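This report concerns only the one structure given below.
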Amino acid sequence: MPSPPPNSPQPTPQQVAMMQQQLAVEAERQGMTVEQFKNKQRAQLEAEAKKEGISLEQYLAKIKAKAVEDYRKRLEMQQQQAAQQASGQPQVQGGQGQQVPITPGAPDPKALALAKWLRGQDLKTRTCILNGQRKDMFRVKRALRAIDSEAYTKACTKNPLLPPLTPQLPKTEIFKLLPLSLLALRVSKSDPHAGHGHAPPAKPQKRIKGLWTVKIEQQQDISDDLHYVWLYEGPQWRMKLYAVGALILIMAIVMFPLWPVTLRIGVWYLSMGFLGLIGLFFAMAIFRLILFCVTLFTAPPGLWLYPNLFEDVGFFDSFRPLWGWQEEKKKKKKGKKNGDEKLGAAMEASGGKAIEATSTATENTTTNGTGGDVSRRHAHAAPRVEEVEDE
């Protein structure tokens with residue numbers, strides 16, 4: 001049997017006793033003694049060594065070297081994880097539950113193809129604030145649902161860089177390409193003033209509804225309800241095109257004196273035309289104000305030319321209708337007050353009738369003793385709303 005790797009902690013007597021107990025339990029489960037079980041394991045090792053064409057000692061040495069290499073890699077992984085935790089760099093959960101550190105570098109072409117395809121899907125992203133910048137945030141379940149769709153299968157046939165969805169490569173493993181290439185990272189909601197150590201402001205800043213301030217989590221787990229933020233902005237050709245166009249426009253304006261005479265004359269006519277339109281708009285605004293002031297006294301409540309000119313409507317709707325009367329905003333309130341006054345007058349009138357009915361009922365009770373209780377109930381009954389409205 002292979003011995004433990006060098007420079008590894010030696011097993012304690014309790015661990016040795018536990019291993020012997022496990023060996024006895026395994027031998028008993030197979031219906032053998034401990035010696036028979038050891039002989040069976042030795043025979044299996046000899047058969048495997050014979051398959052590879054080497055002796056048993058060489059095969060045992062190979063197993064020992066492999067164990068040493070595995071132990072060294074595991075130790076380096078633990079040290080790297082400790083360093084990552086100390087530096088605060090994010091880690092993603094590996095296939096066997098181990099945390100794989102995310103190291104900056106060139107993104108994987110497969111991850112780039114996946115990010116480009118997912119950016120074109122409807123993930124119902126929402127805007128968030130990450131390190132003072134606006135980013136797009138999405139839920140993991142929507143990305144997994146997109147990867148598991150028929151559209152992704154068709155896209156894989158067209159783009160060979162997209163990793164196909166197979167039983168050996170499930171959708172969660174495909175999604176891990178994004179955080180491993182720093183194209184999307186898991187975030188959580190945070191307080192923008194946390195850790196600053198200062199008193200809360202006297203006038204707190206107005207928070208925009210639905211706009212989260214987020215922070216990157218160290219453990220990049222994958223679950224349906226978790227949120228990830230896009231660090232991949234997509235192809236930047238449009239922004240580069242805008243920048244080139246703005247640079248050309250600035251250079252053209254600066255070099256205006258070098259333009260041909262015909263172009264300069266054309267620009268002068270265009271500028272005069274724009275100035276004329278602006279002046280016509282101001283003249284129309286002043287004229288409609290004067291017209292309203294005149295009609296306010298001659299034909300109240302006043303007439304507006306283009307009543308929707310300064311309203312929050314479209315360009316063409318600003319000039320429709322051609323004219324309109326000033327709307328009285330307090331008309332409804334006055335109507336409500338008049339209705340209340342009428343209702344109060346009706347209540348007073350009905351109250352007077354109720355008093356008269358009370359006096360009549362009292363006289364009836366003195367003359368007629370049998371129907372006294374019924375007359376008393378009718379006498380003290382308050383007038384109903386229907387009766388008031390009828391009156």
Which of (1) over 24 Å from the mean Cα position of the chain (by Cα); (2) in the same structural domain as Q219 (by TED's automatic domain parsing); (3) modelled with pLDDT under 90; (4) not hydroxyl-bearing (S, T, Y) does N131 not meet, given it meets every other one?
(1)
What number of residues within segment 17-35 are surrounded by 12 or more Cβ atoms within 10 Å (Cβ to Cβ) and either part of a helix (DSSP H, G or I) or basic (K, R) (or both)?
7
How about segment 282-300: which of its residues are assigned to a helix (DSSP H, G or I) and more than 15 Å from L322 (Cα to Cα)?
F282, A283, I286, I290, C293, V294, T295, L296, F297, T298
Just to be sure, is A49 touching an Asp or Glu at 6+ places or on another chain (Cβ under 9 Å) and either closer than 30 Å to V92 by Cα or part of a helix (DSSP H, G or I) (or both)?
yes
Identity of the residue in segment 253-264, part of a helix (DSSP H, G or I) and either modelled with pLDDT of 95 or more or of a type outside the set (V, I, T) (or both), that ends up surrounded by the most Cβ atoms within 10 Å (Cβ to Cβ):
R264
Regarding L169, is this residue outside any helix (DSSP H, G or I) and surrounded by 13 or more Cβ atoms within 10 Å (Cβ to Cβ)?
no
Name the residues in segment 115-154 that are of a type in the set (G, A, S), over 16 Å from L183 (Cα atoms) and crowded, with 18+ Cβ neighbours inside 10 Å, would you?
A146
Could you list, in sequence order, all residues of segment 172-193 that are over 13 Å from L226 (Cβ atoms), touching a Lys or Arg at 6+ places or on another chain (Cβ under 9 Å) and not hydroxyl-bearing (S, T, Y)?
I174, L177
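The values are calculated or read from the model by the stated rules, or taken from the named source; none is laboratory data. Bear in mind the structure is a predicted one, so any value in this text is a computation, not a measurement. All Cβ positions, glycine included, derive from the backbone under ideal geometry; neighbour counts span all protein chains shown.
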